[in-house]
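One structure is given below, encoded as structure tokens.
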Amino acid sequence: MVKKRPAITLFITLAVIVAMLSLVGIVFAYLSEAKTKARDKSALIESNLIYADAIDTLKSFLGKKPSSNTLERIYSIPLSVSEVDGPFTMMVACSPSCAAIPITWFSEKGDKKINRRRFGEASRVFETITTQARLKDPELLLSLITKAIDSKREFLFGVEGRLNHNPKYLGYPQFKSILAEYLLETDDKNVYNINWKSYFSFGEECKAIDGDFLSSKLVSLLFGIDEQIVQEDFKSGHLKEFLQSNQEDMELYNSGLFATDPKNPLVAMKCNVSYTFAGGNYSFNFKYKNGKVDSFEFNK
């Protein structure tokens, strides 16, 4: 008769228990992942309903002809919408999408007379900020930007970039690909020391600059005013008054590069809607321009 070995039996028992626990862990992880995916899909479906409510809320707030003060309020404070008898809350946060020099102004195509002035101002800003950042080869970077806009060099942007590429404008993800190519060719990391969004707008076709909501850095650079003075005195929505109070030459402001009609301010914004659904936090983006809405994008 063979005697049982308690140690071996115990080892086998423990191995079985560990295997079972691992299997249970895998099953629970799978179920948790499946639950999360199902919740995300439900949230995406829900977002389509919330999208309509967000648009109605935004249009109701803006009205047919929003004033600069109305735009200033929505850019400063998100709109909040809550259920009367429920826990649901939706936040709509918007920011101006043309409140900088459009990156597409580096295009050399189209009306030469109009483009010459646009290209000139864009180049002046580009030269100043790249000099301050001590870029090794700003001419190379500028040529990459111009070619990407005019030659539709979509191969720069990868598969996803090509799918999202719009020939009318250059999005910021595509612009980052240009910066990456510049870095690859020059090994110049200074290109990432520039806050490009403070000076240029991306992902929008802007024929004029929304001057009322420029960054203080860009106001200072464009009009030659000390940045500290701009930070202290410039109030969003009132660029014309600020320039006049500082006795600035209004030639550039009245050059046609800026939206200058106070009765019809430029209404072009990008908005983010955040909400809670089934215990998770979700959001989506869209663009709003002169009463028209497009470019819906769901964020997990």
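The values are calculated or read from the model by the stated rules, or taken from the named source; none is laboratory data. In this text the structure is predicted, and so the values were computed from the model without any measurement. All Cβ positions, glycine included, derive from the backbone under ideal geometry; neighbour counts span all protein chains shown.
It is to be established whether one or more residues within segment 86-98 are loosely packed, with under 11 Cβ neighbours inside 10 Å, more than 22 Å from Asp261 (Cβ to Cβ) and assigned by TED's automatic domain parsing to the domain that holds Gly279.
Looking through segment 86-98, at least one residue is loosely packed, with under 11 Cβ neighbours inside 10 Å, more than 22 Å from Asp261 (Cβ to Cβ) and assigned by TED's automatic domain parsing to the domain that holds Gly279.
So which of Leu23, Leu49 ends up being at pLDDT below 70, of a type in the set (A, V, I, L, M) and farther than 30 Å from Asp261 by Cβ?
Criteria check complete, one pass: Leu23.
Just to check your reading of the model, which residue among Val230, Val293 is among the hydrophobic types (A, V, I, L, M, F, W, C), surrounded by 20 or more Cβ atoms within 10 Å (Cβ to Cβ) and not assigned by TED's automatic domain parsing to the domain that holds Glu121?
Val230 is the lone residue from the list that is among the hydrophobic types (A, V, I, L, M, F, W, C), surrounded by 20 or more Cβ atoms within 10 Å (Cβ to Cβ) and not assigned by TED's automatic domain parsing to the domain that holds Glu121.
If Tyr288 satisfies all but one of (1) of a type in the set (Ser, Thr, Tyr); (2) within 15 Å of Ser97 (Cα to Cα); (3) surrounded by fewer than 19 Cβ atoms within 10 Å (Cβ to Cβ), what's the number of the condition it fails?
(3) is the only condition that Tyr288 fails.
Taking only segment 203-255 into account, find how many residues are assigned to a loop (DSSP other than H, G, I, E, B) and over 24 Å from Lys287 (Cβ atoms).
16
Here's the yes/no breakdown for (1) in the same structural domain as Asp294 (by TED's automatic domain parsing); (2) buried (at least 20 other Cβ atoms within 10 Å of the Cβ); (3) over 12 Å from the mean Cα position of the chain (by Cα):
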| site | (1), (2), (3) |
| --- | --- |
| Tyr169 | no, no, yes |
| Tyr172 | no, no, no |
| Ile178 | no, yes, yes |
| Leu183 | no, no, yes |
| Lys189 | no, no, yes |
| Ser201 | no, yes, no |
| Glu204 | no, yes, no |
| Ala208 | no, no, yes |
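Of all the residues that make up segment 256-289, how many are modelled with pLDDT of 85 or more, under 22 Å from Thr70 (Cβ atoms) and in a loop (DSSP other than H, G, I, E, B)?
The qualifying residues number 4.
Of the residues that sit in segment 138-152 and are surrounded by fewer than 16 Cβ atoms within 10 Å (Cβ to Cβ) and out of contact with any Asp or Glu (no Cβ under 7 Å at 6 or more places or on another chain), which one is modelled with the highest pLDDT?
Glu139
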